[in-house]
Amino acid sequence: MWSYYPELLERPVPRYTSFPTAAEFRPLEHDRVTAAALAAIPSGAQISLYVHIPYCNEICYYCACNTGRANKKKRLQSYIEALIREIELVGERIAGPINVSRIAFGGGSPSAIDPEDFVRILDQLRASFDAKFSQISVELDPRDFTADWAETLSESGVTHASMGVQTFAPQVQQAIGRVQPAKLIATAMQQLRDKNVSSINFDMMYGLPAQTLSDLRDSLDQAIALQPDRIALFGYAHLPDRIPRQRRIDSTIMANQIQRFEMAALGYEHLVDAGYQAIGFDHFALPDDPMAQAARAGTISRNFQGFTDDPAPYLIGLGASAISIFPDHILQNEKNVGKYRDAVFAGKHPAQLGVQVSEEDRLHRQIIEDVLCRGRANIGTLSDASRLTGYLESFEKRKLLTIEDTEILCSDNAAPYLRTIAAIFDPYRIAAGTKFSSAI
Ligand code: SF4
């Protein structure tokens, strides 16, 4: 059972889907840096691809993603043409043969485009990257999922799907502008299973407007009954000052911090009681799922999709706002779709922001990832290890971790505090602290 220590949760902290985090990204000499990073990929390197579709048929009020309405056919088509051109460009700039282990389509909602366009993009990826043996995953919106889509996924060799479920409670769906009856989700799930999409994830949320503990328990029960292989249970971050579409949500019906903590604790216990294995602080997987196996083996890591069992050291992001990870750089494509398109059609790489990753950053990143993914880390590699150990005393005193020499071992009930513990090893966090979301 988790204990609530509000003083340890009061500071907003990053989600650490990368380190350095996006708050450190700065404008850079994009075309030259990206071309050099792509050219330096060694022959035979294992690479993951991420393809961003920044469109949705309906925009949910809570959404913090880079996405817009898919209501103009011409705009959508010109984006797809630009995406295909970027794929060609990147493929041409990689010198030797590579091994593409995974392709992930995210957004936005990839299911907002026509299935035929999805196939065109996939064909270009296969042509440019020799990616025929890749594991392919797609994020889906159950509201626009059709039998046609199920057929296309099956014929395209897609084996993994992630569905935006968030909540089954009708009044909460209303409050977040995402009305999707339970039957719609169950039907999409059945269509996927019938077409051999063998791994299905549900994205769910706590801390939503008007959501009660009982709503959350009921939503999790409905999800558990459908037996997705994985469930990600995220805390909703209400930041209407920074995300204009969230202003449509009534701020007076939001959960306070203790209620959010109770919801996170309930979700964790409920899913574990139902047989799911907890991974880090917000992912859950059935015990025989590869992600659960990787977590037990201590080999999961963090990337822009959260916890992952993907071992590839390179991630190439394609599409507006997509992020690429190279050993020495993290690069983000132009977010504005018009500017993204202009750059690509001018034959330039569309990266616009980024950060150079130093040797010091790599040491900090390893410790942050070890804390979040494995609940243990050796901080002996840091020159100021003994000073940083001092910041851990308040966690040690509350039995959330133990320290032996330079080794930190987090206890089983430390899950809600892992981000806060990890942030102690983030030298950038003091300057950027207020930009992030609540740790719970
Ligand atoms: S479907 Fe997903 S990406 Fe699209 S607006 Fe809703 S939450 Fe955002």
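Applying a DSSP loop filter and a limit of 16 other Cβ atoms within 10 Å to the GluC sites (Glu not before Pro) in segment 1-54 leaves GLU10, GLU29. Once both labels are positioned 7 Å from their Cα atoms along Cα-to-Cβ, the gap between LEU213 and ASP405 label points is 4.4 nm. Here the calculated FRET efficiency for SER78 and ALA127, from their Cβ-Cβ distance with R0 = 22 Å, stands at 0.60, rounded to the nearest 0.05. Other residues lying with their Cβ under 11 Å from the Cβ of THR212 contribute a combined charge of -2, Lys and Arg counting +1, Asp and Glu -1. Here the spin labels are modelled as points 7 Å beyond Cα on the Cα-Cβ line, and at GLU116 and ARG69 they lie 2.5 nm apart. Between ALA36 and ARG242, residue separation times 0.36 nm minus the direct Cα-Cα distance comes to 70.8 nm.
Normalised by the number of residues in the chain, the mean separation of alpha-carbon contacts (under 8 Å, six or more apart) gives a relative contact order of 22 percent. Dipole check for the chain: with +1 at the C-beta of Lys and Arg, -1 at the C-beta of Asp and Glu, and the Cα centre as origin, the magnitude is about 1080 Debye. Give the total of Lys-Lys pairs in the chain with Cα-Cα distances below 28 Å; include a pair only if its members are 8 or more places apart or on different chains. Counting lysine pairs in the chain gives 16.
Between ASN99 and GLU29, the FRET efficiency estimated from the beta carbon spacing at R0 = 25 angstrom works out to 0.30.
Its Cα centre serving as origin, segment 1-111 has a Cβ charge dipole (Lys and Arg +1, Asp and Glu -1) of approximately 380 debye. Taking a ≥ b ≥ c as the square roots of the eigenvalues of the Cα gyration tensor, an a/c ratio of 1.5 or more together with a/b no larger than b/c marks the chain as oblate.
What shape does segment 1-139 have by the C-alpha gyration tensor, where a ≥ b ≥ c are the square roots of the eigenvalues, rounded means a/c under 1.5, and otherwise prolate means a/b greater than b/c and oblate the rest? In terms of gyration-tensor shape, oblate. Converting phi to 3J(HN,Hα) with the Karplus coefficients 6.51, -1.76 and 1.60 and the offset θ = phi - 60°, segment 285-295 yields 8, 4, x, 8, 6, x, 5, 5, 5, 5, 5 Hz in sequence order, with x at every glycine or proline. Test of understanding: given the chain, find the longest segment containing no trypsin sites (Lys or Arg not before Pro) that are in a DSSP loop and have at most 12 other Cβ atoms within 10 Å. Looking at the chain, 243-398 is the longest stretch - no exposed trypsin sites (Lys or Arg not before Pro) with at most 12 other Cβ atoms within 10 Å.
Taking Cβ atoms as reference points and 10 Å as the exclusive limit, the residues near ARG178 contribute a net charge of -1, counting Lys and Arg as +1 and Asp and Glu as -1. Helical content alone sets the calculated 222 nm signal of the chain at -11000 deg cm²/dmol, taking -39,500 (n - 2.57) per DSSP H segment of four or more residues and averaging over every residue. Once the chain from SER154 to ALA297 is taken as fully extended at 0.36 nm per residue, the excess over their C-alpha distance is 48.4 nm.
Read-outs: derived from the displayed coordinates by stated rules, not from any lab. As the structure is a prediction and not an experimental result, all values here were calculated from the model. As a convention, Cβ positions derive from the backbone with ideal geometry for all residues, glycine included, and neighbour counts pool all protein chains shown.
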